[in-house]
Amino acid sequence: MSQEFSTSSLCVHVMMTHKEETMSEHLSDNAPSPQKIGVREFRGNLTAYLRQVRQGSTILVTSHDQVVAELRPPAPSYRPRRQPGALRGRIRISEDFDETPPDLLESMERDL
């Protein structure tokens with residue numbers, strides 16, 4: 001069975017096996033199934049496919065009917081937001097912070 005996917009300036013024709021159709025139908029209950037395209041098609045329309053991925057689509061790139069790459073938007077960053085003042089009272093500056101150690105001064109004053 002064949003299925004067509006359309007975008008504003010792009011039409012992709014995808015052939016699906018019976019097993020893939022069954023998987024596709026099963027996945028469609030939870031999330032949209034990923035779009036499958038061949039390597040040549042992907043290479044020829046790279047910008048358009050990357051635009052689709054940026055908008056949230058998942059694309060499977062195939063070679064000889066085997067998936068060789070999966071393109072999807074990156075996962076959101078899990079880095080917690082910075083909280084100003086979170087280390088207040090935990091950081092101490094030593095009394096001699098702004099003093100140059102004597103051995104360093106001596107080494108700078110010696111002739112080479």
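The values are calculated or read from the model by the stated rules, or taken from the named source; none is laboratory data. A quick note: this is a predicted structure, and the numbers were derived from the prediction, not measured. A quick note on method: Cβ atoms are made from the backbone with ideal geometry, for glycine too, and the neighbour counts reach across all protein chains shown. Note: accessible area is taken over every heavy atom of the protein model, side chains too, but ligands, DNA and RNA are not part of it. Shrake-Rupley method; radii C 1.70, N 1.55, O 1.52, S 1.80 Å.
Within the set of pairs 6+ apart or on separate chains, which have a first residue in region 62-85 that is in contact (Cβ under 8 Å) with a residue 24 or more places away in the chain and surrounded by 10 or more Cβ atoms within 10 Å (Cβ to Cβ), a second that is in a strand (DSSP E or B) and of a type in the set (D, E, K, R), and C-beta atoms under 8 Å apart?
Partner pairs satisfying both residue conditions: THR62/LYS36; VAL67/LYS36.
With (1) modelled with pLDDT of 90 or more; (2) of a type in the set (A, V, I, L, M, F, W, C); (3) surrounded by 11 or more Cβ atoms within 10 Å (Cβ to Cβ) as the list, and MET23 as the residue in question, which single condition is left unmet?
Looking at each condition in turn, MET23 falls short on (1).
For the subset of region 31-56 comprising residues that are farther than 27 Å from PRO76 by Cβ and charged (D, E, K, R), which member is least open to solvent (accessible area, probe 1.4 Å)?
Step by step, filter region 31-56, then rank; the result is GLU41.
Those residues that are of a type in the set (Gly, Ala, Ser), modelled with pLDDT of 75 or more and out of contact with any strand residue (DSSP E or B) (no Cβ under 8 Å at 6 or more places or on another chain), I need them from region 26-52; list them, please.
Here is the first cut: in region 26-52, the ones of a type in the set (Gly, Ala, Ser) are 28, 31, 33, 38, 44, 48.
Okay, now just the ones that are also modelled with pLDDT of 75 or more, so 33, 38, 44, 48.
Result: SER33, GLY44, ALA48.
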